[in-house]
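The values are calculated or read from the model by the stated rules, or taken from the named source; none is laboratory data. Values in this document were obtained by computation on a predicted structure and should not be read as measured data. Cβ placement follows ideal geometry from the backbone for every residue including glycine, while neighbour counts extend to all protein chains displayed. Side chains are part of the model used for accessible areas, which takes the heavy atoms of the whole protein and leaves out ligands, DNA and RNA. Shrake-Rupley method; radii C 1.70, N 1.55, O 1.52, S 1.80 Å.
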Amino acid sequence: MADLSINFCGVKAPNPFWLASAPPTDKAYNVIRAFKAGWGGVVWKTLGEDGPPIVNVSGPRYGAWHSQDRRVMGFNNIELITDRTLEVNLQEIKQVKRDFPDRALITSLMVPCTEDAWKAILKRVEDTECDGVELNFGCPHGMSERGMGSAVGQVPEYIEMVARWCKSHTRMPVFVKLTPNITDIRWPARAAKRGGADAVSLINTISSIMKVDLDRMSPWPVVDGEGSHGGYCGPAVKPIALNMVGEIARDPETAGLPISGIGGIETWRDAAEYIALGCGSVQVCTAAMVYGFRIVEEMISGLSNWMDEKGYRGIEDFRGLAVPRIKNWENLNLDYAVKASIDQDLCIKCGRCHIACEDTSHQAITQMVDGVRKFTVMEEECVGCNLCAVVCPVDDCITMVPLADGAVDKRTGRVIGGRRTWLQHPNNPMAKEPA
Amino acid sequence: MSRQPDIAAGRLTGADLDRNFADLAPPLTKLEARVAAERCLYCYGAPCQTACPTSIDIPLFIRQIATGNPLGAARTILDANIFGAMCARVCPTETLCEEACVREAAEGKPVEIGRLQRHATDALMADGRQFYRRGAATGRNVAVVGAGPAGLACAHKLATLGHAVTVLEARAKAGGLNEYGLAAYKATNAIAAREIDYILGVGGICVSTGKALGRDFSLGELRESHDAVFLAIGLGDTNPLGLGDGLSGVIDAVDFIAELRQASDKASLPVGRKVVVIGGGMTAIDIATQVKRLGAEDVTIAYRRTRAEMGASGYEQDVALASGVAIRASLMPKRLVGADGAVVAIELERTRTEAGKLVGTGELETLACDQLFIAIGQSLVTAGLVEAGIRLEKGRVVVDAEGRTSAPGIWAGGDCVLGGKDLTVAAVEDGKQAALSIDRALSGAGAIAAE
């Protein structure tokens with residue numbers, strides 16, 4: 001039986017599944033339910049500085065992009081940080097940590113960009129004996145207009161500065177939560193590291209308009225006839241988040257910096273992918289909001305069974321294993337070639353591979369052979385692009401089969417073999433390396 | 001036998017009847033429709049479309065439903081099949097589009113094309129938007145004989161092409177079998193009549209009811225007064241059993257179904273306690289199931305060949321079985337048993353096939369019955385056809401690929417023609433194609449008679 005426990009920057013948890021700082025972690029009631037359900041940790045919903053409580057809209061806060069059968073594929077919100085008082089939150093954090101000492105409890109923070117403000121709140125959070133703090137430099141809506149959240153996260157110098165303040169004013173581990181609303185995620189990550197952050201968490205939500213209400217001619221969800229951009233999350237953002245995690249994991253300047261992965265994690269498989277890209281913990285919000293806390297049962301059982309099957313005894317056994325295989329395009333092997341292959345026994349003859357290839361790609365798939373509806377690959381035209389396999393509705397019906405060394409690529413006439421990248425390719429006038 | 005026939009009206013009433021004659025396949029909810037639509041793979045050169053006699057662009061209309069454009073979907077359907085609403089209800093989709101669906105091949109569970117088609121056409125009927133209008137007048141007049149699916153599909157297409165159309169219908173109402181045939185639970189809420197209102201809404205079609213060929217007019221007269229004639233008279237006669245049909249309680253299934261479809265109160269129809277239906281096609285299923293649902297205690301279909309050879313599809317047989325009808329195969333009628341002029345039983349002989357020929361085994365079986373419904377096929381009323389120079393073969397009108405008969409200027413389609421498929425959807429296609437052929441002929445681009 002695999003051991004799912006983690007030690008993330010000194011923060012221990014029985015499993016890597018944490019709830020992200022968000023509505024599900026706004027108060028003790030929810031967090032206790034989460035811990036009872038089996039979550040390994042939570043990042044408490046962001047606390048702000050003491051003062052008049054935050055005011056949220058009382059119109060709709062959430063929107064979603066649904067599939068036809070109303071599965072939530074993408075989700076957005078315009079909720080702000082906690083709208084409960086600082087004191088109540090701190091008391092609850094302290095009590096919950098006391099009652100669940102084996103779980104990770106991180107407190108998310110967002111205060112104005114002054115050293116005094118950060119110093120003041122860190123002191124009070126330390127008193128709760130929670131395991132660490134996460135600096136919310138990510139929220140793209142509402143708070144950013146007040147100079148906080150992503151307004152900080154979009155300026156690497158601010159990230160570095162605030163991280164440094166925090167590290168100098170607390171003994172607790174400091175995680176920096178990054179916004180994806182930037183051009184290159186490596187810059188804020190490097191800044192966090194320079195500032196002394198113990199880890200980065202990413203991604204926060206992506207600025208979004210979910211859709212336009214065509215009757216009211218307003219962004220949706222509609223608040224009294226108008227709408228505002230929100231923060232986008234859920235399964236649809238996972239590929240974007242994975243790339244950002246991968247970029248940080250393989251950047252020489254940040255390599256080894258602990259990462260808590262966030263973005264569209266719904267299943268054990270999603271979590272395993274983040275861990276394979278180097279994450280030491282993962283954070284979930286949308287899936288819990290859609291399905292409830294019990295999804296963690298599947299995540300624990302699925303990850304555990306998969307690890308047993310692969311022979312991984314602990315999370316560290318496979319953490320980061322995929323990172324060395326993330327390459328720049330110029331490092332890919334241009335001498336490698338695959339051809340699509342359609343399993344005629346599995347083919348249900350929908351014709352989607354044909355029309356996709358015929359209309360938009362390389363005219364490499366038949367629709368008729370000897371007067372019969374039949375879809376076969378013409379290897380002399382196939383560039384191995386994978387489009388047919390992507391659009392095929394049947395699992396494993398179309399596979400991309402590598403040509404063996406010594407075989408002739410019928411499209412190019414080239415004999416397969418060797419390993420030339422663009423850097424060595426004769427067509428590259430800038431080729432740096434000998435072929 | 002001393003049995004007294006037990007025939008009574010009102011065996012079931014009120015809520016029981018309402019339930020028994022409610023929609024056989026209820027409409028999809030909006031969510032169900034979206035989920036069902038999502039299953040469509042939007043095939044290229046879709047097998048379902050190829051399988052549809054009217055070639056509806058099924059992937060397109062389902063995509064239109066999926067994207068929240070049900071009226072667009074309805075337009076796609078009606079452009080190919082103006083009777084899309086009724087066909088959605090009565091087409092044997094399990095042997096047409098849904099059988100061909102690639103999901104059927106993949107999972108044994110096709111996309112619910114028929115129900116999706118109904119979803120779209122229901123949306124149109126509720127909205128009432130008229131997609132079609134009469135084409136610019138050509139000055140040509142076409143007569144259509146018969147206001148069933150073939151006749152009205154032809155009339156509609158001709159009207160959109162600008163020809164003035166007169167439809168002559170022998171019955172009191174237009175609609176043909178959509179109005180007078182079929183099971184009532186497949187055409188609830190007067191959908192047949194509402195669809196015809198929609199079709200006639202195109203304008204330029206004059207329907208004259210109570211006008212029977214041979215009685216009120218002849219083809220010769222029509223031919224003189226019109227530029228072309230489309231014959232869509234269906235099959236006006238039914239085949240008799242030929243076992244001394246003088247007994248009371250021996251009933252023509254087609255007549256009874258028509259009466260049931262037109263009845264304002266179904267409880268007024270007298271049904272037997274024990275009922276036997278002779279036949280194996282759709283009419284046999286429809287009469288047996290409906291009589292059972294009217295309250296008959298014991299309904300048995302007796303068919304002379306095997307279950308697999310029945311004209312009714314497996315799905316239709318299941319509808320009858322699920323309604324409590326018994327289906328007895330390989331039994332052929334031998335003799336009616338009467339008492340005081342009324343049928344009380346039928347004697348049947350077991351059959352088997354020897355060298356491709358159906359033979360009796362000599363084993364006899366008697367089924368008691370208070371009513372005996374005859375549903376062994378329909379035949380063409382030929383009066384007035386041969387005189388007009390129309391060639392018949394095997395009791396049907398001979399037409400070429402475009403629906404032209406041997407008589408110049410006379411086209412034919414639907415159930416009355418040789419090779420007819422006894423399907424609403426096929427009749428609609430016949431009417432549509434004949435209209436296109438007539439239009440070509442009237443504009444000088446096509447021939448006016450079969451070779």
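When A:CYS279, A:CYS285 are screened for being open to solvent by less than 20 Å² (accessible area, probe 1.4 Å) and of a type in the set (A, V, I, L, M, F, W, C), only A:CYS279 passes.
A:VAL401 falls short on exactly one of the conditions (1) outside any loop (DSSP other than H, G, I, E, B); (2) closer than 26 Å to A:ASN243 by Cβ; (3) among the hydrophobic types (A, V, I, L, M, F, W, C); (4) more than 12 Å from every other protein chain (Cβ to nearest Cβ), and that condition is (2).
For B:ALA123, the conditions (1) within 14 Å of chain A (Cβ to nearest Cβ); (2) open to solvent by 20 Å² or more (accessible area, probe 1.4 Å); (3) at pLDDT 95 or above all hold with the exception of (1).
Evaluation of A:SER341 against the conditions (1) of a type in the set (S, T, N, Q); (2) free of Cβ contacts under 8 Å to residues at least 60 places away in the same chain; (3) open to solvent by 30 Å² or more (accessible area, probe 1.4 Å); (4) more than 30 Å from A:ALA255 (Cβ to Cβ) shows that the sole unmet condition is (2).
The set of residues in region B:226-244 being surrounded by 14 or more Cβ atoms within 10 Å (Cβ to Cβ), in a loop (DSSP other than H, G, I, E, B) and not β-branched (Val, Ile, Thr) consists of B:HIS226, B:ASP227, B:ALA232, B:GLY234, B:LEU235, B:GLY236, B:ASN239, B:LEU241, B:LEU243.
Taking region B:75-92 as the range and being buried (at least 23 other Cβ atoms within 10 Å of the Cβ) and either in a loop (DSSP other than H, G, I, E, B) or within 13 Å of chain A (Cβ to nearest Cβ) (or both) as the test, the residues that pass are B:ASN81, B:ILE82, B:PHE83, B:CYS91. Only one of the numbered conditions (1) open to solvent by 10 Å² or more (accessible area, probe 1.4 Å); (2) in contact with a Pro (Cβ under 7 Å, 6 or more places away or on another chain); (3) farther than 18 Å from A:VAL162 by Cα is violated by A:ARG216, and that is (2).
Of the helices (runs of 4 or more DSSP H) lying entirely inside region A:115-189, the ones with 1 or more residues being under 26 Å from A:GLY10 (Cα atoms) and touching a Gly at 6+ places or on another chain (Cβ under 6 Å) are found at A:150-153, A:156-169. Regarding region B:59-71, can at least one residue be identified that is touching a residue at least 60 places away in the same chain (Cβ under 8 Å), over 26 Å from the mean Cα position of the chain (by Cα) and either farther than 18 Å from B:LEU116 by Cβ or within 14 Å of chain A (Cβ to nearest Cβ) (or both)? Within region B:59-71 (the criterion being touching a residue at least 60 places away in the same chain (Cβ under 8 Å), over 26 Å from the mean Cα position of the chain (by Cα) and either farther than 18 Å from B:LEU116 by Cβ or within 14 Å of chain A (Cβ to nearest Cβ) (or both)), the answer is no, since none of the residues qualifies.
Answer yes if at least one residue in region A:296-313 is more than 14 Å from chain B (Cβ to nearest Cβ), in contact (Cβ under 8 Å) with a residue 40 or more places away in the chain and more than 25 Å from the chain's Cα centre (by Cα), and no otherwise. Scanning region A:296-313 turns up no residue that is more than 14 Å from chain B (Cβ to nearest Cβ), in contact (Cβ under 8 Å) with a residue 40 or more places away in the chain and more than 25 Å from the chain's Cα centre (by Cα).
Residue-by-condition table, conditions (1) closer than 30 Å to B:ALA345 by Cα; (2) part of a strand (DSSP E or B); (3) without any contact (Cβ under 8 Å) to a residue 60 or more places away in the chain:
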| residue | (1), (2), (3) |
| --- | --- |
| B:GLU365 | yes, yes, yes |
| B:PHE373 | yes, yes, no |
| B:ASP415 | no, no, no |
| B:GLY419 | no, no, yes |
| B:VAL425 | no, no, no |
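Pairing each residue of region A:188-199 that is closer than 10 Å to A:PHE175 by Cα with any residue that is open to solvent by 30 Å² or more (accessible area, probe 1.4 Å) and among the basic types (Lys, Arg), provided the two are 6+ apart or on different chains, yields C-beta distances under 6 Å for A:GLY196/A:ARG164; A:GLY196/A:LYS167. Can you name the residue in region B:211-225 that is in a loop (DSSP other than H, G, I, E, B) and open to solvent by 30 Å² or more (accessible area, probe 1.4 Å) and is also nearest to B:CYS154 (Cα to Cα) among such residues? Ranking the candidates gives B:LYS211 first. If the condition is being open to solvent by 10 Å² or more (accessible area, probe 1.4 Å) and over 9 Å from the mean Cα position of the chain (by Cα), then region A:259-269 contributes A:GLU266, A:THR267, A:TRP268, A:ARG269. For region A:372-380, the count of residues that are without any contact (Cβ under 8 Å) to a residue 12 or more places away in the chain and not in a loop (DSSP other than H, G, I, E, B) is nonzero. Residues that are on the phi > 0 side of the Ramachandran plot and open to solvent by less than 30 Å² (accessible area, probe 1.4 Å) do occur in region A:289-297.
For region B:340-352, give me each residue that is among the β-branched types (Val, Ile, Thr) and either more than 19 Å from B:ALA308 (Cβ to Cβ) or over 30 Å from the mean Cα position of the chain (by Cα) (or both).
B:VAL343, B:VAL344, B:ILE346
Residues of region B:7-39 that are more than 10 Å from chain A (Cβ to nearest Cβ) and crowded, with 17+ Cβ neighbours inside 10 Å: B:ILE7, B:ARG11, B:LEU12, B:LEU17, B:ASN20, B:PHE21, B:LEU28. None of A:GLY74, A:GLY51 is touching a Pro at 6+ places or on another chain (Cβ under 8 Å), away from every other protein chain (no Cβ under 14 Å) and outside any helix (DSSP H, G or I) except A:GLY74. Within region B:93-120, restricting attention to residues that are more than 10 Å from chain A (Cβ to nearest Cβ) and charged (D, E, K, R), the residue that is surrounded by the fewest Cβ atoms within 10 Å (Cβ to Cβ) is B:LYS109.
Considering region A:100-158, and only residues there that are acidic (Asp, Glu) and free of Cβ contacts under 8 Å to residues at least 60 places away in the same chain, the residue that is most open to solvent (accessible area, probe 1.4 Å) turns out to be A:GLU145. Residues that are surrounded by fewer than 18 Cβ atoms within 10 Å (Cβ to Cβ), assigned to a loop (DSSP other than H, G, I, E, B) and in contact (Cβ under 8 Å) with a residue 24 or more places away in the chain occur in region B:151-168; there is at least one. Filtered by the rule that a residue be more than 33 Å from the chain's Cα centre (by Cα) and in a helix (DSSP H, G or I), region A:329-354 gives a lone residue, A:HIS354. Would you be able to say whether some residue in region A:42-65 is within 26 Å of the chain's Cα centre (by Cα) and of a type in the set (Asp, Glu)? Within region A:42-65, not a single residue is within 26 Å of the chain's Cα centre (by Cα) and of a type in the set (Asp, Glu).
Part of a loop (DSSP other than H, G, I, E, B), modelled with pLDDT of 95 or more and touching a helix residue (DSSP H, G or I) at 6+ places or on another chain (Cβ under 7 Å): does that describe B:ALA407? It is true that B:ALA407 is part of a loop (DSSP other than H, G, I, E, B), modelled with pLDDT of 95 or more and touching a helix residue (DSSP H, G or I) at 6+ places or on another chain (Cβ under 7 Å). Of the set (1) within 12 Å of chain B (Cβ to nearest Cβ); (2) more than 31 Å from the chain's Cα centre (by Cα), all apply to A:CYS392 but (2). Of the helices (runs of 4 or more DSSP H) lying entirely inside region A:250-326, those carrying at least 3 residues that are over 30 Å from A:TYR62 (Cα atoms) are A:295-310.
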